[in-house]
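Before any comments, here is the structure.
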Amino acid sequence: MAELKISVAYDKERNIVRPENAVTGVNYHCPACGELLIFRRGQIKVPHFAHKQTEACNQETIVHQSAKLLIQKAIEDWKVGKSEPPVLERKCRVCDRNVEQNLPEKVDYASLEHRLPEGFIVDIGLIAHGNVEAAIEVRVTHEVDEAKAQQISIPFIEVDGNEILENPSRWKPTIDFFKPLTCTKCRLDFQNFRKKTLRIAKQTGVDLPTSFYRYASILCWQCNKEILVFTWPNHKMYSQELPIGQPPPKTLCFRFSKAVGRKYCMNTCIFCNAIQGDRFLHIEPEGPFLGLCYDEDTCGKDSLESFQEDLIKLASYADYIGDLERED
Ligand SMILES: [Zn+2]
Ligand SMILES: [Zn+2]
Ligand SMILES: [Zn+2]
């Protein structure tokens, strides 16, 4: 009869035990169904636990349950100072580079099969100051179903159960709805971008918007001076009108373009009045606004959050263009 492989077991004190730490003559139980386990330690085979295939248990449940217990233990060990904090392998929301993040200090413990206020049970609730702050779902064969993912009201990640068995304190989310992370480089880019644009604002007397109008800096193609240029959410090329109710920066003007053959709302140079065409700003590879997203559904909305988010993107893109310029 087929056997089920067990990665971690319970002893009678309900400690979780890896086969390499198990001793003969002690009773160990399946973490999923409680069945008494067979423990083998041979000359050739690596130590392992197993039990016979039963109606009540299967390999998937075992992996699922073991991974949850190992995550809980990784947090416990960290909290009592026996190990380093679990590390999350995530992506920078701006540049998509890998970023490692320690599990935040405030997490006190993991609660398994935790029921959220709205009734959902998540595999693991991360508890801080007595509240469930975030959740972890463990995937074995199926990912978290869409409907559930939509309705989990707190930040959550999904991790692969088999990967957790290999390394319980390194989590590589397969779905990541934790608070978005910005890498050190993108944060630095943003600081530099802020410094530079503030300086240009001072030099030109053109104020930096604090909401709505997104900005970047360029060298005017005509007078070669540093100037600020602007765009706005859901901007259309060669726009016939400025957004209603949003007083524009003073260098955004309705002017005639020879290249386009008509008037449109465009950026102009504060020093020499030259037009800074939409085509260059939005479409050319060195255009400062190329890095912005123009998908109406997701990017047409204006909020202070999307304003901040766009500036971080623009900063990262400005640094990228800077690299191109330095290369040639
Ligand atoms: Zn079992
Ligand atoms: Zn980044
Ligand atoms: Zn100029």
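The values are calculated or read from the model by the stated rules, or taken from the named source; none is laboratory data. Given the structure is predicted, the values throughout are model-derived calculations rather than measurements. Heads up, the Cβs are rebuilt from the backbone with ideal geometry, glycines too, and the neighbour counts pull from every protein chain shown. With ligands, DNA and RNA removed, areas are computed over all heavy atoms of the protein, side chains included. Shrake-Rupley method; radii C 1.70, N 1.55, O 1.52, S 1.80 Å.
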Quick calc, residue 60 & residue 40: beta-carbon distance into FRET formula, R0 22 Å, rounding 0.05, result 0.50
Under 5 Å, built H, 5+ apart or other chain: amide partners of residue 35 | 30
In nanometres, what is the gap between the two model label sites at residue 113 and residue 179, each 7 Å from Cα along Cα-to-Cβ?
-> 3.1 nm
Between residue 202 and residue 273, what FRET efficiency follows from the Cβ-Cβ distance if R0 is 25 Å, with the result rounded to 0.05?
-> 0.80
Taking a ≥ b ≥ c as the square roots of the Cα gyration tensor eigenvalues, with a/c under 1.5 meaning rounded and otherwise prolate when a/b beats b/c or oblate if not, the chain comes out prolate
For segment 42-104 the trypsin sites (Lys or Arg not before Pro) that pass both the DSSP coil test and the at-most-13 other-Cβ-within-10 Å test are 45, 82, 97
Apply 1/(1 + (r/R0)^6) to the Cβ-Cβ distance of residue 76 and residue 121, taking R0 = 22 Å, and write down the FRET efficiency to the nearest 0.05.
-> 0.55
Solvent accessible area, Å² - residue 33, 1.4 Å probe, full protein context | 50 Å²
If the chain between residue 11 and residue 53 were fully extended at 0.36 nm per residue, the gain over the current Cα-Cα distance would be 13.1 nm
Please report, in debye to the nearest 20, how large the charge dipole of segment 119-271 is about its Cα centre when each Lys and Arg carries +1 at its beta carbon and each Asp and Glu carries -1 there.
-> 1680 debye
Stretch residue 147-residue 250 to full length: gain in nm at 0.36 nm per residue minus the Cα-Cα span?
-> 32.3 nm
Obtain the nm distance between the two label points defined at residue 24 and residue 262 by a simple spin-label model: each point lies 7 Å from its Cα along the Cα-to-C-beta direction.
-> 8.9 nm
Checked segment 131-225 against the a/c 1.5 cut and the a/b vs b/c comparison, axes a ≥ b ≥ c from its Cα gyration tensor; verdict prolate
Lys/Arg +1, Asp/Glu -1 at C-beta; the chain dipole; positive extreme among 223, 127, 306 | 223
Sticking with the crude label model, points 7 Å out along Cα→Cβ, report the distance from residue 226 to residue 163 in nm, one decimal please.
-> 4.2 nm
Can you run phi through the Karplus equation (6.51, -1.76, 1.60; θ = phi - 60°) for segment 230-245 and list ³J(HN,Hα) in whole Hz, with x for Gly and Pro?
-> 10, 8, 8, x, 6, 4, 9, 4, 6, 4, 7, 9, 7, x, 6, x
Please list, in chain and number order, the residues 5+ apart from residue 232 or on another chain whose amide H is under 5 Å from its amide H, with Hs placed from the backbone.
-> 214
